Amino acid sequence: MGQASQDEHEFPWEIGVFDAHCHPTDTMASIADIPRMSATTLTVMSTRADDQDLVFQSAEKLAKEPGDGGVERILPCFGWHPWFSHQIIDDTSVKPECKETQDSFELKKIHYSKVLKPPPGDDFIASLPNPKPLSELLSETRSRLQKSPNALVGEIGLDRTFRLPQPWTQEEIDARNGAMTPGSREGRKLSPHQVRPEHQKAILEAQLRLAGELGRPVSVHSVQGHGGVIEVFQKIWKGHERKQASRRERKRRGSHAEAHTGSDAEDQSPHTAGAGARGQTSNGANAAQGPLPYPPRICMHSYSGPAETLKQLLHASNPSTVYFSFSSVINFSHHSDRSVEVIKALPDDRLLVESDLHIAGKEMDDKLEEVTREICKIRGWELRPGMKQLADNWKRFVFGEVGDSS
């Protein structure tokens, strides 16, 4: 793709622009603006108890107003964000005293003292919700995914910097914006309490395994936790690594395509083609192996890690295909130099764009145009072919290698 001045071109929305990660259900009034947006499809994340059904209902409502070419305006995603992972009790590994106590506050105290650091006092614990069993979360998420055949798992991940907000004061309750979906920080001051990394990892792993069971892609949040995320990935990938053909084998086979990709059909992950594709049952299981413990495709959303980490995430033996999405609000404000280096280093077919906004409408369109132009500029792509590349990347991330029926 040749270099061109991006400012010379009117933005060709008709090519298709796909927001790989956003949160418009945090401002439900803005959902009504989606049919008037220029973007083709919004990949809409859920994060906590308050928005799971809102994402599902919004996708169902707008399913009657498909985008260009019959593409849905909202692609729903169901998952539990690491900022809210403390609200989940891992009932597969709880202490015996948790199972025995009948006192709800005592159960809360045992749980939150275990998963939060430093351990909170009674008043702070009283302000937190009763913890939800992990088994219940997984059951509910599985049900939503099964009702939405193209839905993803997200937003899930790790965050080593997040601190829980302080409990609501009466003044804050009286002044809060009623248009905002409950459950988020909403500007409250932060407490010193953080969710312990090991608990975050347990919740992340369980959701990744559910995505593997159903053959769904995932959207992953990682803030100063890239090493921990890769550790969890490697745990669920273990024993399923792609077989790599030797240089001698590749030379013997003599295929230009194989030499370019470093693998052929027999080396591919059984997940690669996506749910419902050749070799898989309708729920994403491989006919020969049964359900797999890892998702077929992973998007590292608003990726803020160093370029050096790409080698691990893009290694040819990884059975999951890893994509990287970028947003103006994160990558070109907080991590600009690092993000430019990463974008330059990535293969063409692993780049995605996102808004990461909490409100739909013109502002979201503007952010998508901004990040799309910026990525095309960094890559030296002309605008139209660059947009086509990004649109094709999103379709492969969501649906797999559709059309490969050989």
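The values are calculated or read from the model by the stated rules, or taken from the named source; none is laboratory data. For clarity, every value in this text was computed on a predicted model and none was experimentally measured. Cβ coordinates were reconstructed from backbone atoms using ideal geometry, including for glycine residues, and neighbour counts include every protein chain displayed. Note: accessible area is taken over every heavy atom of the protein model, side chains too, but ligands, DNA and RNA are not part of it. Shrake-Rupley method; radii C 1.70, N 1.55, O 1.52, S 1.80 Å.
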Q. For VAL17, which sequence-distant residues (separation of 5 or more, or a different chain) have an amide H within less than 5 Å of its own amide H, given hydrogens modelled in the peptide plane?
A. THR40, THR41
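Out of the total accessible area of segment 283-396 (probe 1.4 Å, heavy atoms of protein only), what percent is carbon and sulfur?
Result for segment 283-396: 48 percent of the exposed heavy-atom area is carbon or sulfur.
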Q. Expressed in nm to one decimal, what extension gain is obtained for the pair ALA32 and SER113 from 0.36 nm per residue of sequence separation less their Cα-Cα distance?
A. 25.0 nm
Q. Which log10 I(q)/I(0) values, to two decimals, does segment 104-250 give at q = 0.09, 0.16, 0.19, 0.20 Å⁻¹ under the Debye formula with one point per Cα?
A. -0.40, -1.08, -1.32, -1.37
Q.
I'd like the FRET efficiency for THR161 and ARG252, computed as 1/(1 + (r/R0)^6) with the beta carbon distance as r and R0 of 35 Å, rounded to 0.05.
A. 0.10
Q: List, in order, the whole-Hz ³J(HN,Hα) value for each residue of segment 44-58 obtained from phi through the Karplus relation with A = 6.51, B = -1.76, C = 1.60 and θ = phi - 60°; use x for Gly and Pro.
A: 9, 8, 10, 9, 7, 4, 6, 10, 4, 6, 5, 5, 4, 5, 5
Q. Given the Cα-Cα distance of LYS235 and GLN312 and 0.36 nm per residue of separation, how much length would full extension add, in nm?
A. 26.4 nm
Q) Once you put a point 7 Å from the Cα of ASP50 and another 7 Å from the Cα of GLU341, both along the Cβ direction, what distance in nm separates them? A) 3.8 nm
Q.
Taking 0.36 nm per residue of sequence separation and subtracting the Cα-Cα distance, how much length would be gained by fully extending the chain between ASP122 and TRP13, in nm to one decimal?
A. 33.9 nm
Q: Which order do the peptides 32-38, 303-309, 176-182, 324-330 take when ranked by the mean count of other beta-carbon atoms within 10 Å per residue, highest first?
A: 324-330, 303-309, 32-38, 176-182
